[in-house]
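As structure tokens, the structure follows; a few thoughts come after it.
Derivation of every value follows stated rules applied to the coordinates shown; laboratory data play no part. Every value quoted in this text rests on a predicted model; they were computed, and no experiment measured them. All Cβ positions, even for glycine, are placed from backbone atoms using ideal geometry, and neighbour counts span all protein chains on display.
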Amino acid sequence: MAAVQDGPKELDAEKETKPEILSDGTSNLLGNTASGTLSSSPLTAAPAGGATKMEDQQTLIAVLQFLKRNKLSESVEILRREAGLGEHQEDSQATDGSGGGKGDGDGGDANSLLSRVSITSAAAPQSMPVKKDQPDVSVVLSAYSQQGDPSLYQVYYSGLKNFIESVLDCHRAELSQLFYPLFVHMYLELVYNNHETKAKAFFDKFSGDQECYYQDDLRILCSLTKKEHLKGNEVLLDFRTSRFVLRISRDSYQLLKRHLQERHNNQIWNIIQEHLYIDIFDGMPRSKSQIDSMSGSLAGEARREVNKAKVFYGLLKEPEIEVPLDDEDDEAENEEGKPKKKKTKKDSLGSKSKKQDPNAPQQNRIPLPELKDSDKLDKIMYMKESTKRIRLGPENLPSICFYTFLNAFQGLTAVDFTDDSSLLAGGFADSTVRVWSVTPKKLRKVKSTAELNVIDKESDDVLERIMDEKTASESKILHGHSGPVYGVSFSPDRNYLLSSSEDGTVRLWSLQTFTCLVGYKGHNYPVWDTQFSPFGYYFVSGGHDRVARLWAMDHYQPLRIFAGHLADVTCTRFHPNSNYVATGSTDRTVRLWDVLNGNCVRILTGHKGPIHSLAFSPNGKFLASGSTDGRVLLWDIGHGLMIGELKGHTDTIYALKFSRDGEILASGSMDNTVRLWDSMKAFDEVETDDFTATTGHIHLPDNSQELLLGMYHSKSTPVTHLHFTRRNLLLAAGTYNSQ
Amino acid sequence: LDITNAKMTEREERRFAEVPRESIKLMAESTGVELSEEVATLLAEDVCYRLREATQNSSQFMRHAKRRKLSVEDFNRALRWSNTETVCGYGAQDALPFRPLKEGELFFVEDREINLVELALATNIPKGCAETMVRVHVSYLDGKGNLEPQGTVPTAVQSLSEDLLKYYQQITRAILGEDPHLMKVALLDLQSNSKIAALLPYFVYVISGVKSVSHDLDQLNRLLHMVKSLVQNPYLYLGSYVRSLVSSVMYCILEPLAASINPLNDHWTLRDYAALLLSHIFWTHGDLVSGLYHQILLSLQKVLSDPVRPLCSHYGAVVGLHALGWKAVERVLYPHLPAYWANLQAVLDDYSVSNAQVKADGHKVYGAILVAVERLLKMKALSLTLAAEGGCAGLPGTATGAVGFRENSLGLSPPPEPLSEPPLGIASHLQAGGAGCPWEEWTPVSLPAMYCELYSFFGDSLAVRFSTDPPLGGAPPSGSRQPLEGRKEPASGAPNLENTRKMPQLTASMNISPRQDGSPCMEPQPPSLAATVPGRSLARSSSSSSVSRSRSSSSRPGRSTSQSRDIFPKARFPLPQVGPPAFSFIIGGRQMGRRCQGRRFQTSFTPTPPLTTLPPRAYAHKLPVIGRVSKPVRRWTCSHYSLHLPL
């Protein structure tokens, strides 16, 4: 085998020198001619045609190879004759066949050895890949197994690299996007075909060229050296099956295409055809910073068309609240009780809601639960409180109250406040959920049924009578989960609490009886987050199984499954109008899903790390997302555009919250700080003109420092949750970390 | 080629944990499998990969738990979700340090063997986890706050100077260590060092650890010695820390220590010592602890009146009261005695083998009570003589009295000046505290009445000692002579030995009793008797002690002794007749259960005119015979009149 390897290597060296010279020449040529020649040609057709032709040929070669391997030499001859395959292919096939065959033999030996020794994988490893790969036989045949000479991979790659480095600056940035996906696919192909040493050499040579934000992926990649490893690694399976999306201007694409065609660089061309999706746009090529701000996700950028769907981001009309209730409200406020004043007040309250927002969805687009009397009372309370709300702004920052969890040896994993800030729930790593009353009002259970039977149901204070005074306490512990509780969420009416846990369930707890009512099973894997809809009844959960699920409280099965993320769904948030759900994922994208039909209506890329926090602005127009890289990104939902980047945090951002009027964004992080950002300014400064809106190219002003209004340190207490009270007091929560 | 490849791999990938081929082979050999080089190489690579994969997966659990540190638990979760067996035994929160082995180039995690016994008996038992709680504070008002981190979290020991810290460590180590000589030196220094005021809170904290070492008498002793040294140090102002010290001492006195489970442990001495210490604190730091006095009396009383408490606790309460002075004994123990006596008697009368240990404890309590009441009598007599000698001669008199007391007292009760300070100070506390507390109204009992009542309990074991006390003869008022003489007479026949006290003594005392008619007593007794029978039958099912308890409270069946307060006043009726003070033993009787011995009791009423020094009440509930072996007397079982039986 050493001899076989040595031969091609020398050949490689010769070949390597040639393409370099050639590429220099052609690239210049191409650069000059590209714009002239290609502008007229039907652009979508050209690459497609080429692709089908190539694909056919590749398939044929693959079949040939297959036949050869099975010693069906006659068939090989016939097929070759009929297909009329060229000499060079045959040659390459020949060398390939010998090398590959031997490699396969080795691999087979290794496999059998492994299967003999390994006890843990009871199923024979050899049978497993066959089974697993059977559904996508075509992928196997036409993709990874139809390799060129493994030793030529380096030549191919460095050829392309040289080409890209030599093109004009304006194109270089765009074409550089190709490096990472090509690199990964070529490496995986090498690994897949058992060229371990070559794969390693390839990795060592080119991994340094990749963008720094791919480091995490590269680390995983480099540990993969065997075909057997590939099949267990879901992340890379996804990478293989999904297409990496690149956004390239037409000019740059033509440059690339011409280069590849002239060089007959089929290997790379095939990868581009098979595994990449190039989203071509007309106009100026993007700059490096523009590209960098959008890239970084596991599957590349979002295609433009996926973000074209109309999103009704407006708020729903506020329900009108009956006069009698309003009466009480007014009487409580001022005892004069003038009817005129009542009306004016009602108008002022209802002014916002009466005017139908053109961007709002239809009121009944999603069936929403009807308001109960208690909900109406709560709405009135809300309105009362909001009249006393402090108007925040850069000059008027909120006060911060910190709720420190002490003695949380078992590890605080999730926190939530009720909207009226009366209750506080904590999820812990020891599987418990604890609920605290933040107000002096203690938590009480409802009496037992026997005791309830004795109660006079006609009495006015029946609601008070049903409560068992003996059970009054400041906090209650809810037992039921069998793994750490990663998400908790109060229902808007404060009667229920949701918790999601590592045990794969979401549990619904009653805050009247402090017992578990339902365990929603469906995820089967850890559920990382859950949240109630702002109107109650619905809730969303997302977990390790890479889907988010929409549930209704009275259904034990999910109503919608939002599938599409390539990795764990780490956080889930409802849009204020309850028609959409945003999910953040480990694949470093944020997706927005339509609750009505389950479609993915936005894919937002740009984060360089797993996303751990999301927040909608109160007007529903904007979304903020925070990730492990310490950056907060701001998004315009209507246009699906990134409109801001807030840099400053030095660790994962676990909490994001807009103030009640949306003027201020608060972010809390593992770095023990709460930072306040001027979100109004951030939203105002980005003028989304038509051009930007259509192309999706954004120029982000680097103004994080100007937008940062304040940074507040805690005493070694990571901030796990943030909440604005109805009067705009900022509540933060976290557990004190003594180490 | 493969081998060279593998070697290359190893060299290249230093940034990852590597499991070398050799380790794989070793592991295989340990399970009895022989591996070829090739297989080992493949396996090693696979193991490395799986390790990395698991680590990658586990980091997700860390992130979602909002931690920075990857824990073993995270790793195990990742393993569990990939259907792999978890790693057990590495759940410790602390990092496991690698240790090098000098001989070979070997690094390993130190995995010490843990001595479970040592761990179980460790002196530093971890305190229970505090309740998880939420604390809220306004961190920043209107967004204004310093941008600097808000100070560091203060740790206590850091504020001390190096020298003090060292001193603290040395002293605590010496005191709690093994070397008795070192301990003595340390204690001496603690007693006299003038510069350790800053360390006082820490020492107090150390001492408050008594609760965690209740199984270790030796440590408890050492801690108590530490208390003593601190209390004796003239340079230390204990201030509010005295409360903490007192509570630690009280713990040693009263609590049923874990060490007392083993009868071989002499926790009695510890309690004695602690009681002595308590009195010491009170006499030397009376100004600081004045507010505590009443509180302590109450808690002692509570223990004493709680029949559920073990006898060692009762013992502690008695010696504690004793240590607090005779006034305390008179105030708390004496009125309690009738009720308590019944319980004690039940224990002492139970001759079953299983009761042997409890019985021995009971004797201890008995002895302690005896000592306490003897002193009470002596001191009371002394105070009376002093009072009689001259109203203002109090101070010199008390001094002599104290001296005299010291000479007479057993080693057990050495409190200095039991009379000089307390009569005023403590009595005032008593009255002050008594007003606000649910104490029964307390009126002093005259010495003779007291003596009679006590005698009815203790018989000669009391009298003998008393008779040796010279001032007694002159002290009691004339009224009490009669009974005294009556008792002394048989006492000469049966000197001093507790268990040799015989029925004749009883009859002798009884002989006096019928002098007055039993009419008053009949009122309370008959109804109670009627109720006694069912009460007894109910109680039979419970343990022998509780049986005897319920039985002994025959005058108020169905009630526990702790409620005796309600009952005694009933018997305390004002007697119309004005006559010479005399004793009248009205009822006596015998009560029995099927399983236990008969119980003899009698109730004495000493009707005294309210104007005399005698209190309106003198009531004894007597179960006189200690160590008596007798069968229950069956014929009385159902008798309704059995209570009214002249013996």
DSSP-loop trypsin sites (Lys or Arg not before Pro) across the stretch A:463-568, with at most 12 other Cβ within 10 angstrom: none
Net lengthening on full extension, A:SER158/A:THR241 (0.36 nm per residue, minus Cα-Cα): 27.4 nm
Kirkwood-based Rg to Rh ratio, the stretch A:147-308, C-alpha trace: 0.94
Cβ-Cβ FRET estimate between A:SER459 and A:GLU320, R0 fixed at 30 Å, reported to 0.05: 0.45
11 Å beta-carbon shell around A:PHE724, net charge (K/R +1, D/E -1): +2
C-alpha center-to-center spacing [the stretch A:250-303, the stretch A:377-395] in angstrom: 50
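Of A:LYS384/A:LYS445; A:LYS198/A:LYS288; A:LYS161/A:LYS288; A:LYS388/A:LYS441, which ones are farther than 24 Å apart at the Cα?
From the list (A:LYS384/A:LYS445; A:LYS198/A:LYS288; A:LYS161/A:LYS288; A:LYS388/A:LYS441), the Cα-Cα distance tops 24 Å for A:LYS384/A:LYS445; A:LYS198/A:LYS288.
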Centre separation in Å (Cα based) which lies between the stretch B:308-358 and the stretch A:505-572: 64
Surrounding net charge for B:ASP179, when Lys and Arg each add one and Asp and Glu each subtract one, Cβ distance under 12 Å: +2
Rounded FRET efficiency, nearest 0.05, which uses the C-beta distance separating B:THR123 from A:ILE220 and R0 of 41 Å: 0.25
Selection of trypsin sites (Lys or Arg not before Pro), the stretch A:224-326, meeting DSSP coil and at most 10 other Cβ within 10 Å: A:LYS310
Debye log10 I(q)/I(0) for the stretch A:377-432, one point scatterer per Cα, at q = 0.14, 0.17 Å⁻¹: -0.61, -0.78
Cα centre as origin, Lys/Arg/Asp/Glu Cβ charges: the stretch A:147-308 dipole, Debye: 200
Computed P(r) (all Cα pairs; the stretch B:12-109; 10 Å bins; percent): 14, 33, 40, 12, 1
A:PHE562 long-range amide H proximity, modeled H, under 5 Å: A:ALA548, A:ARG549, A:LEU550
Distance between the stretch B:180-229 and the stretch B:33-96 - C-alpha centres, whole angstrom: 48
Model label zone, B:ASP163; criterion: amide N under 15 Å from point 7 Å along Cα-to-beta-carbon; scope the stretch B:193-211: B:193-199
Simple label model, 7 Å out from Cα along Cβ direction - A:PHE66 to B:ASP287, nm: 10.4
Additional length obtainable on full extension of the chain from A:MET467 to A:GLN363, 0.36 nm per residue less Cα span: 33.8 nm
Per-residue HN-Hα couplings for the stretch A:470-486 [Karplus 6.51, -1.76, 1.60; θ = phi - 60°; Hz; x = Gly/Pro]: 5, 8, 5, 7, 6, 9, 10, 10, 10, 9, x, 6, 10, x, x, 9, 9
Total formal charge among the other residues, if their Cβ is under 10 angstrom from that of A:LEU452, Lys/Arg +1 and Asp/Glu -1: +1
Selected from A:GLY208, A:GLN267, A:MET186, residue furthest toward positive end of dipole (the stretch A:147-308; charges at beta carbon): A:GLN267
Peptide-level mean, for A:703-711, of C-beta atoms on other protein chains within 10 Å: 1
Cross-link pairs beyond the 21 Å C-alpha cut-off, checked among A:LYS476/B:LYS69; A:LYS715/B:LYS66; B:LYS302/B:LYS364; A:LYS200/A:LYS231; A:LYS621/A:LYS657: A:LYS476/B:LYS69
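Hey, got the dipole for the stretch B:12-109? About the Cα centre, +1 on K and R Cβ, -1 on D and E Cβ, debye to the nearest 20?
Dipole about the Cα centre, nearest 20: 900 debye.
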